[in-house]
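What follows is a set of notes on a single structure, which appears directly below.
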Amino acid sequence: MFDNPAFDGHERVLAFNDAASGLRAFIAIHSTALGPAGGGCRLWRYADGEAALSDALRLSRGMSYKNALAGVPMGGGKAVILGPVPDERRAGVFAAFGRAVDSLSGTYVTAEDVGVSPADLERVAASTPYVSGIVVRNGVGGNPAPFTARGVCVGIEAAASFALGRSGLDGVRVAIQGLGGVGMNLAGALHARGAALVVADLAPVRIEEACDRYGAAPAGVEEILTADADILAPCALGGIITEDVARRMRATVVAGGANNQIADAAAGRALFERGITYAPDYVINAGGIILVSAEYFGATDLGGIEDRIDAIGPRTSRILETARMTGTPSGVVADQMAREVLAGARVDA
Ligand code: NAI
């Protein structure tokens, strides 16, 4: 693990195997400098254990940076469960995962991510209190996806203003890849602001829904990345902006909800060389963790949470302006800012 390219001084990385239920999972705790490590649980069919471990390492580091920049009093962690999980084993797997989370005594707080539903989290919550994103108290809590979408939308507005000189999204063409919890809510928010949408998903029924409700145009899953649009909003999985995509894409802005959108350094360089504006993913998709952490710590002021999510807009603008002024890729600027916050927390501790 220490030689894995995604290893970044993580505090703890644990592997769990529960033979009775079939659970196989990693929990990666990147940092607890700012508080208990917060980050969702992903269920995915990985090529192998190495790929799952790499994902957990990358995603947990991203959570540290995301929480640091969003002012969330949590460190960074992430769990991945190796799929597939047959339906008849699902309840047992999530109960076992809850026991795994509980064994960490609150140093890791789990929540929803790709492939995990609120019903799954209820099963986790039966085994541990260290879970969030399920209960709505005084209007705060529950499924974070709509809140993530709200933050992505204000991030898109900031990026459109910066790169396209637009003061709103009326008539701006946005290509959305992935119409799950985040993508579908984002489609609704963008449509309400007058954006013209082109959408793709693996599930035809979701495309139909976005076309019917939001007047979106359908695109194939391969075409969407190079669609004729102003903004590409990746809202499915990570690693989709490869060097090849960066060289061929027609949108001049990348701003979406998916974690780890840029596949590697070469892809990042290609975006930068082409002058494509990239709104760093973990900066604009922080709305969900802002809600999840507020629920976990017992906040009751929904308006205050929405204000914190809306602050993603000016934060995105600042990062993009700094990137322009210093001739540095925006992802590098955001990473530097996050590392400064983390280093400050370690000094203060
Ligand atoms: P989800 O599982 O609800 O939706 C993902 C959607 O993407 C599904 O509809 C799936 O069919 C589609 N998809 C998968 N591969 C695709 C492909 N190649 N082309 C087109 N569509 C594809 O997941 P959710 O919650 O919407 O998350 C989406 C992304 O946002 C993930 O990367 C997640 O890590 C990230 N994210 C989610 C947050 C949340 O609050 N749910 C918070 C922050 C980040």
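The values are calculated or read from the model by the stated rules, or taken from the named source; none is laboratory data. Bear in mind that the values here come from a model prediction, so they are computed numbers and not experimental data. Backbone-built Cβ (ideal geometry, glycine too); neighbour counts: all protein chains shown. The protein model used for the area step is the full one, side chains on, heavy atoms only, and it has no ligands, DNA or RNA in it. Shrake-Rupley method; radii C 1.70, N 1.55, O 1.52, S 1.80 Å.
Over the C-alpha atoms of the range 113-177, the Rg to Rh ratio, Rh being the Kirkwood estimate, stands at 1.17. Against the chain, whose longest principal axis is taken from its Cα atoms, helix 87-102 shows a tilt of about 80°.
Sorted by mean Cβ packing within 10 Å, highest first, what order do the peptides 192-200, 230-238, 161-169 take? Before the final figure, lay out each step's value.
Working: 192-200: 20.1, 230-238: 24.4, 161-169: 15.8.
Those peptides, ordered most packed to least, come out 230-238, 192-200, 161-169.
In terms of its Cα atoms, the range 213-308 spans 46, 35, 20 Å along the principal axes, sorted from long to short.
Report, to the nearest whole %, how much of the accessible area of the chain belongs to carbon and sulfur atoms, 1.4 Å probe, protein only. Walk me through the numbers on the way to the answer.
On the way: 7250 of 14130 Å².
Solvent-exposed carbon and sulfur of the chain make up 51 percent of the total.
On a 0 to 90 degree scale, rounded to 10, what angle separates helix 181-192 from the longest Cα axis of the chain? Around 30 degrees separate the two axes.
Residues within the reach of a label modelled at D264 (point 7 angstrom out along Cα to beta-carbon, backbone nitrogen below 13 Å), restricted to the range 30-64: there are none. Measuring spread by the Cα atoms of the chain yields a radius of gyration and Dmax of 19.1, 57 Å. Highest mean packing first, where packing is the average number of other Cβ atoms within 10 Å per residue, the peptides 339-346, 306-313 line up as 306-313, 339-346. Of the chymotrypsin sites (Phe, Trp or Tyr not before Pro) found in the range 1-33, the ones in coil according to DSSP and having at most 12 other Cβ atoms within 10 Å of their Cβ are F2.
With N the number of residues in the range 1-143, Rg(Cα) / (2.2 N^0.38 Å) evaluates to 0.97. Here is how the number arises for the chain: DSSP H runs of 4 or more residues each give -39500 (n - 2.57), the sum is divided by the residue count, and the result at 222 nm is -14500 deg cm²/dmol.
You can think of it this way: the chain between M1 and D310 has 107.5 nm of extra reach, that is 0.36 nm per residue less the Cα-Cα gap.
Using the Stokes-Einstein relation with a Kirkwood hydrodynamic radius computed over Cα pairs, the translational diffusion coefficient of the range 95-218 at 20 °C and a viscosity of 1.002 mPa s comes to 132 µm²/s. Dividing the convex hull volume of the alpha-carbon atoms in the range 1-49 by its residue count gives 106 Å³ per residue. Annotation note: trypsin sites (Lys or Arg not before Pro) in the range 223-292 located in DSSP loop regions with a Cβ neighbour count of at most 15 within 10 Å are R250, R274. Using a Förster distance of 51 Å, how high is the FRET efficiency between A192 and A126, based on the Cβ-Cβ distance and rounded to 0.05? FRET efficiency, A192 to A126: 0.85.
Please give the peptides 122-129, 108-115, 278-285 ranked by average Cβ packing (other Cβ atoms within 10 Å per residue), highest first, as a rough proxy for protection. Write down the numbers at each step before the final one.
Numbers: 122-129: 18.2, 108-115: 24.5, 278-285: 27.5.
Result, highest mean first: 278-285, 108-115, 122-129.
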